[in-house]
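Here the structure is laid out as structure tokens; the discussion comes afterwards.
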Amino acid sequence: MTTSERIRLTQFAAGGGCACKVPPGELEAVLAGLPNAVADGAAGSQNAGMNAGELLVGLEHGDDAAAVRISGNQAIIATADFFTPVVDDPYEWGRIAAANALSDVYAMGGTPIVGVNLLGWPRATLPFELAAEVLRGGGEVCQQAGAYLAGGHSIDDPEPKYGVAVTGLADPEHLLRNDAAVPGTPLTLTKPIGLGVLNNRHKATGEWFEEAVAVMTTLNRDASQAALAAGVRAATDVTGFGLLGHLMKMMRASGTTAVIDAAAVPYVDGARTSLAEGFVPGGSRRNLDWVRPHLESDLGEDELVLLADAQTSGGLLIAGEIPGHPVVGEVVERREHLLVVR
């Protein structure tokens, strides 16, 4: 039996995956106190005279990454993402965390170029051979994406944490943004949801869900490229704030409302059964509480919890129709509520 088989990584962290994100309402309250980004070399600033580029996407709408135009036809996409173990296998955790971090670049319509590792490790309680497996998994996924993984930073941490800070490139005139959805546009979802429920069950029982791992390690590259080819302008990825949470942010930023057909939303096998048996992350319930004041629906609580389920390395939610993926709703003119779920 190997070390990785003896040790259950998920037991060394209070949360797991993107379900351990700071609750969205609390996060927005913190970000609201930050000053607006300034990067124009204005007179009087210490960077006066420097050309730092044009900030295209910053904190305003909580988009997936920052975007800075550095020339007429090129923008840098910058993001960072890390979390505690979502599965017990260190190699698969590394793969999932890297795919999740790369997803932010794909969600903006970019191509990842280089990443650096972010590693927190409880060196007194977990052997470093497991950390090496985590890094190996992250490196292989970055290689699959065609991005360099070069260096990084590590700290001694009571909980294991891993992720990647990623820099990518994009066409500044063809970014995918969360503030560009327009009425009359279909909403497409490129991966099934329910990952948070299954990850919660894995943490509690050790049961392994092969489909969930396959979904979480699948890159959103092809979906992003298909969206750009179709002329899509608005998209986001579905991660810790759940389908409803990320959709609400998109509708709020765009000044529109989303009407969702709950029956059209795909789920990972076993998600409904696991929900019925009580395996629900606290983050999923917090997501639902956050969107509830902006939600119109007569669906039952269980259905709404699933729609708000905290995903890890989920798919893209695209304001446009992409072949091969289900249309789950439509963007309409702004109504009383940001979300209407039927």
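Are any of the residues in the range 201-211 under 16 Å from the mean Cα position of the chain (by Cα), crowded, with 23+ Cβ neighbours inside 10 Å and either touching a residue at least 40 places away in the same chain (Cβ under 8 Å) or not assigned by TED's automatic domain parsing to the domain that holds residue 92 (or both)?
No, that holds for no residue.
Picking from 102, 135, 126, which residue would you name as being in a helix (DSSP H, G or I) and either over 21 Å from the mean Cα position of the chain (by Cα) or closer than 23 Å to residue 171 by Cα (or both)?
Residue meeting the stated conditions: 102.
Considering only the range 140-157, state which residues are in contact (Cβ under 8 Å) with a residue 12 or more places away in the chain and either outside the structural domain of residue 100 (by TED's automatic domain parsing) or more than 15 Å from residue 81 (Cα to Cα) (or both).
140, 144, 145, 146, 147, 148, 150, 151, 155, 156, 157
Which of the residues that make up the range 221-238 are in a loop (DSSP other than H, G, I, E, B) and over 19 Å from residue 86 (Cα atoms)?
230, 231, 232, 233
To keep it simple, each residue is scored yes or no on (1) without any contact (Cβ under 8 Å) to a residue 40 or more places away in the chain; (2) in a helix (DSSP H, G or I).
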{"position": "240", "(1), (2)": "no, no"}
{"position": "250", "(1), (2)": "no, yes"}
{"position": "278", "(1), (2)": "yes, no"}
{"position": "285", "(1), (2)": "yes, yes"}
{"position": "293", "(1), (2)": "yes, yes"}
{"position": "299", "(1), (2)": "no, no"}
{"position": "321", "(1), (2)": "no, no"}
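Evaluate the following for residue 242: is it modelled with pLDDT under 95 and either assigned by TED's automatic domain parsing to the domain that holds residue 60 or touching a Gly at 6+ places or on another chain (Cβ under 9 Å) (or both)?
Spelling it out, it is not the case that residue 242 is modelled with pLDDT under 95 and either assigned by TED's automatic domain parsing to the domain that holds residue 60 or touching a Gly at 6+ places or on another chain (Cβ under 9 Å) (or both).
Which of (1) modelled with pLDDT of 95 or more; (2) touching a helix residue (DSSP H, G or I) at 6+ places or on another chain (Cβ under 7 Å); (3) surrounded by 15 or more Cβ atoms within 10 Å (Cβ to Cβ) is the odd one out, the single condition residue 280 does not satisfy?
Condition (1) is where residue 280 drops out.
The values are calculated or read from the model by the stated rules, or taken from the named source; none is laboratory data. Computed from a predicted model, the values in this text were never measured in an experiment. Cβ sites come from the backbone with ideal geometry, for glycine too, and all protein chains shown count toward neighbours.
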